[in-house]
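**Q** Next up is a structure, given as structure tokens.
The values are calculated or read from the model by the stated rules, or taken from the named source; none is laboratory data. All of these numbers come straight from a predicted model, not from anything done at the bench. Reconstructed Cβ throughout: ideal geometry from the backbone, glycine too, with neighbour counts over all protein chains shown.
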Amino acid sequence: MQVKSFEEYQQAYSLSVEQPEQFWEGIANNFLWKKKWDKVLDWNFKEPKIKWFEGAKLNITENCLDRHLEKNGDTTAIIWEPNDPTEHHRILTYKQLHTKVCQFANVLKNNGAKKGDRICIYMPMVPELAIAVLACARIGAIHSVVFGGFSAQSIADRIKDAECNIVITADGGLRGTKEVPLKSIIDDALVQCPSIKKVIVLTRTRTPVSMIKGRDVWWEDEVKKVETQGNPDCPAEEMDAEDMLFILYTSGSTGKPKGVVHTCGGYMVYTGYTFSNAFQYQPGEVYFCTADIGWITGHSYIAYGPLTQGATSVMFEGIPTFPNAGRLWDIVEKFKVNILYTAPTAIRSLMSFGDDVVKGRDFSSLKKLGSVGEPINEEAWHWFDEKIGQGKCPIVDTWWQTETGGFMISPIAGVTPTKPGYATLPLPGVQPVLVDENGKVIEGNGVSGNLCIKFPWPGMLRTTYGDHERCRTTYFATYENLYFTGDGCLRDEDGYYRITGRVDDVLNVSGHRIGTAEVENAINMHSTVVESAVIGYPHDIKGQGVYAFVVCPNQHGDPELTRKDIMMTVARIIGAIAKPDKIQFVTGLPKTRSGKIMRRILRKIAEGDISNLGDTSTLLDPAVVEEIKAGAL
Ligand code: PRX
């Protein structure tokens, strides 16, 4: 599946455009199917209807596990590094992982799980998280993983939307010096969720938890039961290629997160292919992706993609700055990591600690580097290249999204010449186009516009859970017959792509997607807030920070306390990751006569660029702008 030279890339790319079905059939033949497809592709972007490998039968876990057992059963699948460096790391071979996934799949069955059920997973970054995900896939249950930083309310919203019947969680999770009381947060969420019949709780921190009779069971007890039943295997459920594999919620420009749906066959082919090709993964290489499985990066490039390729993957429980800013480099040295895949925000944060932390380190194992989640600024790119890659590791800047399932525009390591800040060229099978405001395709090079994709690829989303119309209006209705990414992009003279950031009301804070409307809704829940407007502004480490303009006329006492209360409200409603960095109290928001907030003006003020605010004559009350300018933080 790997192209080995730029000419081979060009050939593969041409084939993928001219004969997409033949191209993808060739790739799909590298995977294990219980039955092959009747038809490679059936699609239209109007409804949208996207079906890949129709009629094929498979189970993705046979590709992630069973397929490797005979020859590579003793190969390490997962190296787990705990939060606390003095605690022992764990190693799971493919054989061991297979056994544990089968055991836990039987636990799920014992607890009433069936094919097609939705199961919510809210866990720390421990091997059991990967095991839980794979066990769901093993029995054909649809997992919905919720990142450990989300609040009880966010979990409840997601559980209700997908009508989950089981939750898999842990007593607590460890991140740096913090202990997150996961089970207790789940208990708060479940007050609103009558659909949940069982909660399976893994022991991690041994924080005291409430265990409700008939509903809550311990992971370890349930595994023991399966062991005593003497039932170590769990045959993989036969799935249609287009059966749902998982739901993952992500933010958009409206208030409510969407459940992006990925299906079994196409997603498997796409994540396996892109992992293998972009990173040029070679057997025996140690690969370390610093993401959390709670996000798409972890789904596609810690769990599924690498496992389909029999790769050895490092999974890290903690954070890059604990116990100190050298932690990632300790892990690279400890496990002789060959491929390191991380985010610009982590790079910028570690850069800020100065060169002492990286000096004298042994980075000789590193061969390839990767970046994901947000545009990487040139300074961070060069630091990553020189200080970490020692100038000898290609940087694979992968542009993609929760909705795309896998890498879309990305260099192929050692094959595609790179350029700082550029995601470079589309991978085979990906047909990007730039369009102007009116949806007119912009041809040629040295241009910029809104980034769309004009042809389906196997890893793309199929729908948004429970609301297909929302999928259509969000992604396929802005421009006819195109998938709209929400990103702005430029294509330079060489045809290289550089993503310039979101063009909709979605923020990218430390590589996490946050909808401004979502944060506004949360702020507006505070008892004294009348209305608010949330804007992103450039932030040295996070990429974007959250700036909230809040109308709050009846607050009493210290405004600093009100600020803190608003922060706490957002943390309660969404989660700590969405807390505003700055809150400015204002008496009114700049609105047009029709009542629309002029975000353009607020954006300029948030960015500190108040000299030229453009035309403010259409504002209902221009005076409000002067006041906001004067109070800018
Ligand atoms: O704006 C783009 C940015 O992250 C968005 C997707 O966010 P999410 O679905 O959470 O997935 C993140 C991990 C794939 C995109 O619309 N983004 C992602 N990767 C890059 C990027 N922006 C620039 N360069 C990238 N490499």
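**Q** Does Ile159 fit the bill of being in contact with a helix residue (DSSP H, G or I) (Cβ under 6 Å, 6 or more places away or on another chain) and crowded, with 24+ Cβ neighbours inside 10 Å?
**A** So Ile159 fails the test.
**Q** So, in the range 464-475, how many residues would count as being touching a Pro at 6+ places or on another chain (Cβ under 9 Å) and within 16 Å of the ligand (Cβ to nearest atom)?
**A** 2
**Q** Next question. With the requirement that a residue be in contact with a helix residue (DSSP H, G or I) (Cβ under 9 Å, 6 or more places away or on another chain), loosely packed, with under 13 Cβ neighbours inside 10 Å and among the basic types (Lys, Arg), what does the range 1-38 give you?
**A** Lys34
**Q** Right, next: Out of all the residues in the range 272-307, which are of a type in the set (S, T, N, Q), within 14 Å of the ligand (Cβ to nearest atom) and in a loop (DSSP other than H, G, I, E, B)?
**A** Passing the criteria: only Thr290.
**Q** Collect the residues in the range 396-442 that are touching a Leu at 6+ places or on another chain (Cβ under 9 Å), of a type in the set (A, V, I, L, M) and surrounded by fewer than 24 Cβ atoms within 10 Å (Cβ to Cβ), keeping them in residue-number order.
**A** Of everything in the range 396-442, those that are touching a Leu at 6+ places or on another chain (Cβ under 9 Å), of a type in the set (A, V, I, L, M) and surrounded by fewer than 24 Cβ atoms within 10 Å (Cβ to Cβ) turn out to be Ala413, Val433, Leu434, Val435, Val441, Ile442.
**Q** Please determine whether any residue of the range 458-472 is on the phi < 0 side of the Ramachandran plot, of a type in the set (A, V, I, L, M) and surrounded by 24 or more Cβ atoms within 10 Å (Cβ to Cβ).
**A** Yes, the range 458-472 has at least one match.
**Q** Still on this model: Can you tell me which of (1) assigned to a loop (DSSP other than H, G, I, E, B); (2) over 26 Å from the mean Cα position of the chain (by Cα) is the one Asp221 doesn't meet?
**A** So the condition that Asp221 fails would be (1).
**Q** Could you list, in sequence order, all residues of the range 171-206 that are in a loop (DSSP other than H, G, I, E, B) and farther than 20 Å from Arg572 by Cβ?
**A** Result: Asp171, Gly176, Thr177, Pro194, Ser195, Ile196, Lys197, Thr203, Arg204, Thr205, Arg206.
**Q** For the range 434-454, what are the residues that are assigned to a loop (DSSP other than H, G, I, E, B) and of a type outside the set (Asp, Glu)?
**A** Asn438, Gly439, Lys440, Gly444, Asn445, Gly446, Lys454
**Q** Filter the range 611-633 for residues that are modelled with pLDDT under 85 and of a type in the set (A, V, I, L, M, F, W, C) and give the result.
**A** Leu613 - this is the single residue of the range 611-633 that is modelled with pLDDT under 85 and of a type in the set (A, V, I, L, M, F, W, C).
**Q** Output the number of residues of the range 86-112 satisfying the condition of being farther than 24 Å from Thr297 by Cβ and touching a Lys or Arg at 6+ places or on another chain (Cβ under 8 Å).
**A** Final tally of qualifying residues: 6.
**Q** In addition: Give the range 372-396 a look and list any residue that's in contact with a Pro (Cβ under 6 Å, 6 or more places away or on another chain) and of a type outside the set (Asp, Glu), or say none.
**A** Ile376, Ala380, Trp381, Val396
**Q** If you go through the range 478-532, how many residues are more than 15 Å from the ligand (Cβ to nearest atom) and part of a strand (DSSP E or B)?
**A** Looking only at that region, the number is 2.
**Q** Can you run down the residue pairs with Cβ atoms below 8 Å, 6 or more apart or on separate chains, where the first is in the range 490-515 and closer than 27 Å to Ala576 by Cα and among the hydroxyl-bearing types (Ser, Thr, Tyr) and the partner is part of a loop (DSSP other than H, G, I, E, B) and more than 8 Å from the ligand (Cβ to nearest atom)?
**A** Ser510/Ala343; Ser510/Ile541; Ser510/Lys542
**Q** Here's another thing I want to ask about it. Considering only residues that are out of contact with any Lys or Arg (no Cβ under 6 Å at 6 or more places or on another chain) and either within 15 Å of the ligand (Cβ to nearest atom) or closer than 15 Å to Asn338 by Cα (or both), which ones fall in the range 380-392?
**A** Trp381, Phe384, Asp385, Ile388, Gly389, Gln390, Gly391, Lys392
**Q** Output yes when any residue across the range 210-218 is more than 30 Å from Met460 (Cβ to Cβ), touching a helix residue (DSSP H, G or I) at 6+ places or on another chain (Cβ under 8 Å) and in contact (Cβ under 8 Å) with a residue 40 or more places away in the chain, and no when none is.
**A** no
**Q** Inspect all residues belonging to the range 260-270 and state whether any of them is in a loop (DSSP other than H, G, I, E, B), among the hydroxyl-bearing types (Ser, Thr, Tyr) and crowded, with 22+ Cβ neighbours inside 10 Å.
**A** Within the range 260-270, none of the residues are in a loop (DSSP other than H, G, I, E, B), among the hydroxyl-bearing types (Ser, Thr, Tyr) and crowded, with 22+ Cβ neighbours inside 10 Å.
**Q** Please state which one of Asn83, Asn44, Asn110 is surrounded by 19 or more Cβ atoms within 10 Å (Cβ to Cβ) and modelled with pLDDT of 95 or more.
**A** The unique qualifying residue is Asn83.
**Q** Take the residues in the range 360-378 that are surrounded by fewer than 17 Cβ atoms within 10 Å (Cβ to Cβ) and over 24 Å from the mean Cα position of the chain (by Cα); name whichever of them is farthest from the ligand (Cβ to nearest atom).
**A** Selected residue: Gly360.
**Q** Right, another one. Which one of these does Glu403 not meet: (1) assigned to a helix (DSSP H, G or I); (2) in contact (Cβ under 8 Å) with a residue 40 or more places away in the chain; (3) more than 10 Å from the ligand (Cβ to nearest atom); (4) not hydrophobic (A, V, I, L, M, F, W, C)?
**A** (3)
**Q** Starting from the range 44-63, take each residue that is under 18 Å from Gln22 (Cα atoms) and list its partners that are surrounded by fewer than 23 Cβ atoms within 10 Å (Cβ to Cβ) and among the acidic types (Asp, Glu), counting only C-beta distances under 7 angstrom and pairs at least six apart or across chains.
**A** Lys51/Asp42; Lys51/Glu242; Glu54/Asp38; Glu54/Asp42; Glu54/Glu242; Gly55/Asp38
**Q** Further question on the same structure: The conditions are (1) closer than 21 Å to Ala343 by Cβ; (2) among the small types (Gly, Ala, Ser); (3) away from the ligand (no atom under 16 Å from the Cβ); (4) touching a Pro at 6+ places or on another chain (Cβ under 8 Å), and Ala413 fails exactly one of them. Which is it?
**A** Looking at each condition in turn, Ala413 falls short on (3).
**Q** Taking Trp457, is it part of a loop (DSSP other than H, G, I, E, B), within 16 Å of the ligand (Cβ to nearest atom) and not acidic (Asp, Glu)?
**A** yes
**Q** Looking at the range 79-95, can you tell me whether even one residue there is assigned to a helix (DSSP H, G or I), under 27 Å from the mean Cα position of the chain (by Cα) and assigned by TED's automatic domain parsing to the domain that holds Pro232?
**A** Yes, the conditions are met somewhere in the range 79-95.
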